[in-house]
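The values are calculated or read from the model by the stated rules, or taken from the named source; none is laboratory data. Everything numeric here is computed off the predicted structure, so don't read it as measured data. Here the Cβ is made from the backbone with ideal geometry for all residues, glycine too, and neighbour counts use every protein chain on show.
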Amino acid sequence: MEDELIDSSRLSLPRKSVLPGAGFFYPDSLDESRAEERAREKLEGASVAVVTDTDADGLGCVALIREMYDAALDVEDFEDRIEERLRDDDEEEAVEDDAEAEDAVVDVAEEEEERPKSPVALVGSSPYSLEDDLLRVAEYAPEGIDVFVCDLCPDKYEYVEDELEALAEVAGAIHWYDHHQWKPEVESKVREAGVDLVVGESDEECSTDVALRELDYDFDDRFVELAAVTRDHDLWLNEDERSQDLADYAYWTSKEEYVAVVGAYGADLPPVVEDYIAHRRIEKENLIEAAVDRADMKAVGDWTVGITYGRCSQNEVADALREKGADAAVIVKPAGSASIRGSEDFERCHEVADLVNGGGHPKAAGCKPDIYDDMLDYAHHWTTQGATTKRVILNAFERVAEMPEEEEEEEDIETDR
């Protein structure tokens, strides 16, 4: 297949809005091979490893941990590269727009490999790759390494049981900082495995807050402020205009660059980064508008669910759908996953997601229904703008509507991860 066919920079906005990014078309075997190699290189000689989600909250934890260990990378190198990107108007986009294709663009990975390594190794992860990433640390990290797991929550203990056992044989200590909704039995078993697990109140603090509180270090005020602004976005408070800048920047740039910049500047990003964000936002706003325009409003029980499809920033789309009267918003992505966002009138997003191979918070969750058997299913997904996925998620809303809110009955649905 020709590279041009999956090159997002060559697509018109209407077509770009309904198709996944280039990283989607990379086979898992290639991604896994590259992930193995990058993990091996990062972990070789490291004294600390951080396995983390790669949004602003997870990466904020890395900035704190590197500060505590005096292991931050030189921010000037990253600022020079940002200036180069801005100078080149014809440059291909620095990172994939689709968050699920994180690390899929080879150029960004190669740039990170060219830079000096930090002794605090950053191992980017996700709910779908957590067990693999824990095992990579167990396999490639030096014996006695301190390990931190941040902003991640396993749906079942069985998903990480063997990997934690292998990691415990290597690590000097394992700390886990998170703020998601943990099932009590999973929380208990992770602690029994010898992990120092701290789970913050999901509606009061983000994972960066938890790390700031738990790490034995006297952090400068910029890190305290970084945690507060990260929380503002991660808990959808939207009271600090800087929080959207942090979220967008983490989404658009490489992990190492984000950690270096917020570690040096906190929530007050330098002018060159602000210029970069403004440059990228032009297209972002157009993609948001396209997703809002194609949204439908569906009545489910006592709720109005706004549901749409497209490559876009889900939080802003959800805000727009709430303004149109939605109690809950569903944004189905071209890669097959979906974001579910709630409101004051709907705080059961995690219950809906639990029924369709996902999880999260009462007011925000994510999922990827297990309905894609081959590329024809994905072709149908793109050409119908997620019709099957929408139907499956709306059915989950209907099932939740039939259950009492107080009922916390665990749905025994086995899914392939």
Check: Can you pull out the residues in the stretch 24-62 that are charged (D, E, K, R), modelled with pLDDT of 85 or more and either over 19 Å from the mean Cα position of the chain (by Cα) or not in a strand (DSSP E or B) (or both)?
Finding: E36, E37, R38, R40, E41, K42, E44, D55, D57
Item checked: Qualifying positions in the stretch 297-342 - in a strand (DSSP E or B), in contact with a strand residue (DSSP E or B) (Cβ under 7 Å, 6 or more places away or on another chain) and among the small types (G, A, S) -> G306, A328, A329, A338, S339
Notebook entry, point to check: Here are Y177, Y159: which of them is in contact with a Leu (Cβ under 9 Å, 6 or more places away or on another chain), surrounded by fewer than 18 Cβ atoms within 10 Å (Cβ to Cβ), closer than 18 Å to L134 by Cβ and hydroxyl-bearing (S, T, Y)?
Noted result: Y159
Margin query: Yes or no: the stretch 352-374 includes at least one residue that is more than 14 Å from N395 (Cα to Cα), among the aromatic types (F, W, Y) and surrounded by fewer than 24 Cβ atoms within 10 Å (Cβ to Cβ).
Written below: yes
Checklist line | Options R213, R136, R222; residue that is surrounded by 14 or more Cβ atoms within 10 Å (Cβ to Cβ) and free of Cβ contacts under 8 Å to residues at least 60 places away in the same chain | finding: R222
Next item on the list: List every residue pair whose Cβ atoms sit under 9 Å apart, with the two residues 6 or more apart in sequence or on different chains, where the first one lies in the stretch 1-12 and is assigned to a loop (DSSP other than H, G, I, E, B) and the second, anywhere, is acidic (D, E) and surrounded by 10 or more Cβ atoms within 10 Å (Cβ to Cβ).
Entry: D7/E92
Notebook entry, point to check: Which members of the stretch 259-310 meet the condition of being crowded, with 23+ Cβ neighbours inside 10 Å and closer than 16 Å to A338 by Cα?
Noted result: A291, V305, G306, I307, T308, Y309, G310
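Yes/no matrix, rows are residues, columns are (1) over 16 Å from E131 (Cα atoms); (2) among the aromatic types (F, W, Y); (3) modelled with pLDDT of 95 or more:
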position: E163; (1), (2), (3): no, no, yes
position: Q181; (1), (2), (3): yes, no, no
position: E185; (1), (2), (3): yes, no, yes
position: G194; (1), (2), (3): yes, no, yes
position: V210; (1), (2), (3): yes, no, yes
Next item on the list: Tell me which residues, restricted to the stretch 238-258, are in contact with a Lys or Arg (Cβ under 7 Å, 6 or more places away or on another chain) and of a type in the set (A, V, I, L, M, F, W, C).
Entry: W252
Item checked: Qualifying helices (runs of 4 or more DSSP H) (wholly inside the stretch 173-283; at least 2 residues being within 14 Å of A56 (Cβ to Cβ)) -> 207-214, 221-234, 242-252, 255-265
Notebook entry, point to check: Can you tell me which residues in the stretch 48-75 are farther than 14 Å from V123 by Cβ and touching a strand residue (DSSP E or B) at 6+ places or on another chain (Cβ under 7 Å)?
Noted result: Y69, A71
